[in-house]
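Where a number appears in this text, it was derived from the coordinates with a stated rule and is not lab data. Given the structure is predicted, the values throughout are model-derived calculations rather than measurements. FYI the Cβ positions are ideal-geometry reconstructions off the backbone, even for glycines, and counts take in every protein chain you see.
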Amino acid sequence: MLLAIDVGNTNVTIGLFDGQRLVHQFRIESARNRTADEYAVFVRSLLDLHKIDAARIGAAIIASVVPTLTDTIVELVRRAFGIDPPVVGPGMKTGVAILMDNPREVGADRIVNAVAAHDRVVGASPDLGVIVVDFGTATTFDVVSPKGEYVGGVICPGVQISADALFARAAKLPRVEVARPAKAIGRNTQHAMQSGLFYGYVALVDGMAARLRSELAYPVRVLATGGLARLIAPATTSIEEVDDDLTLVGLRLLHERNRS
């Protein structure tokens, strides 16, 4: 089995693959002060809870956008499973040419998403590019050409970050849940804030997707992933499909391409 680990700013997402099939998925908090031993206890406990034999895990791969946690998670895998895992980064064979001014600036999660999205779209049509919208701590847009080139993208504040900023910086505004209100016109402060967060990001996604499409010379599909994708996507006109497991699938593909 393959252990695929995506280290994000909010959560560490762990996927277990049996061949090409994702059989289990876990999330734990990205606690920067937690030690490798503590993480190892958490992960082994989760495996025990689901009656998974840790001895069956024979490979691992890690993508991390939290530098202070990367070494900790690598050490977790070494101690808990006796595996020296590769970390997504320069030198890894991805099959995706990065056309950025400085390719090293591109986050590992964005590269992994690009790999998975291109693989998915090319299977349907080799003439299509793809835009990946990732609703994570930040909301990102990543553009991949039909040739599998990472063209570039957009980084916006995440929905939850915006909600937290309103609460923190505006003295009279309450903390609200990010949810879809019945109407755009709010009749109380809570609903007005929820409308701004929800419909504001719907408009952001559709507007940005349209602008990105206008700069491209080929048609694209728009895929979404990330924690709030299933909340936001149904209200948009641009997002065609949501894939909750896109990043983990991308890690599996990278493992297969670098197995030798």
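A compact table of results
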| quantity | calculated |
| --- | --- |
| Residue exposure sequence - Ser162, Ser214, Ser45 - by fewest surrounding Cβ within 10 Å | Ser214, Ser45, Ser162 |
| Residues of type aspartates and glutamates that Lys51 reaches as a straight line, Cα spacing below 16 Å, ignoring anything fewer than 8 places off in the same chain | Asp18 |
| For Asn11, distant residues with modelled amide H under 5 Å away | Ser30 |
| Under Karplus coefficients 6.51, -1.76 and 1.60, residue-wise ³J(HN,Hα) of the range 61-77 in Hz, glycine/proline x | 8, 10, 10, 9, 10, 10, x, 5, 9, 4, 4, 5, 6, 4, 5, 4, 5 |
| Amide proton proximity set for Val242, modelled H, under 5 Å, gap of 5+ | Ala224 |
| Estimated dipole of the chain in Debye, rounded to 20 [Cβ of Lys and Arg +1, of Asp and Glu -1, Cα centre] | 480 debye |
| Residue-by-residue Karplus 3J(HN,Hα) for the range 118-127, coefficients 6.51, -1.76, 1.60, Hz, glycine and proline x | 5, 4, 5, 6, 4, x, 8, 7, x, 9 |
| Footprinting exposure proxy for Tyr199, Tyr218, Tyr150 (fewest neighbouring C-beta atoms within 10 Å first) | Tyr218, Tyr199, Tyr150 |
| ³J(HN,Hα) computed for each position of the range 218-226 - Karplus, 6.51 cos²θ - 1.76 cosθ + 1.60, integer Hz, glycine/proline x | 9, x, 9, 9, 10, 10, 10, 8, x |
| Relative contact order [Cα under 8 Å, 6+ residues apart], the chain, whole percent | 18 percent |
| For the range 152-260, with +1 on Lys and Arg beta carbons and -1 on Asp and Glu, the positive-most of Pro181, Ala235, Gly250 along the dipole | Pro181 |
